[in-house]
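The structure under discussion appears below in the form of structure tokens.
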Amino acid sequence: MERINFDPEYVNLILEGEKTTTVRRGIKSYPVGRLVELTVNNSTVFALAKVKKVVVKRVKELTDEDARRDGFGNKSELIEALRRIYGGIRDDEFVTVVHFELAKRV
């Protein structure tokens, strides 16, 4: 089963339904319609989720709505987090927005 890893700070947001997407640097492939394991610290599985949709866009095309689904207040907060996680990320870089639905807590 494929996995999507998260930093510990996002686990509760996911479990509470406040974070229903994740934005990943680059063009990524995820199994739409299938279950994936959600992990923390690259090892511990904390939930199973169904991948609902995958959208590729440039950083500059991200919206406040994208940010809210990802657990942030607005686009600026989301981009600040992406820069913290990935280092320098440019406005013209591609990101993959993975929409998911929590299926089961583990």
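Overview of values
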{"read-out": "Distance between modelled label sites at Asp92 and Glu9, nm, 7 Å Cα→Cβ extension", "value": "2.9"}
{"read-out": "Solvent-accessible area, 1.4 Å probe, carbon plus sulfur percent, for the chain", "value": "45"}
{"read-out": "Efficiency of FRET between Arg25 and Glu65 - r from beta-carbon atoms, R0 22 angstrom, step 0.05", "value": "0.65"}
{"read-out": "Alpha carbon convex hull of region 3-105, volume per residue in cubic angstrom", "value": "87"}
{"read-out": "Net lengthening on full extension, Ala103/Arg58 (0.36 nm per residue, minus Cα-Cα)", "value": "13.3 nm"}
{"read-out": "Sites Thr44 and Ile85 - FRET efficiency at Förster radius 22 Å, r taken between beta-carbons, to 0.05", "value": "0.75"}
{"read-out": "Calculated [θ] (222 nm, deg cm²/dmol) that DSSP helices of n ≥ 4 give over the chain, each run adding -39,500 (n - 2.57)", "value": "-5500 deg cm²/dmol"}
{"read-out": "Per DSSP, loop trypsin sites (Lys or Arg not before Pro) in region 57-106 with at most 15 further Cβ within 10 Å", "value": "Arg90"}
{"read-out": "1.4 Å probe accessible area per residue over the chain, in Å²", "value": "55"}
{"read-out": "Gain on full stretching of the segment that runs from Asn74 to Val32 - 0.36 nm per residue minus C-alpha separation", "value": "12.5 nm"}
{"read-out": "C-alpha long axis of helix 75-86 to longest principal axis of the chain, angle in °", "value": "70"}
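The values are calculated or read from the model by the stated rules, or taken from the named source; none is laboratory data. It should be emphasised that the depicted structure is a prediction, and the values quoted were computed from it without experimental measurement. Virtual Cβ from ideal backbone geometry, glycine too; neighbours counted across all protein chains shown. SASA here: full protein model, heavy atoms, side chains in, ligands and nucleic acids out. Shrake-Rupley method; radii C 1.70, N 1.55, O 1.52, S 1.80 Å.
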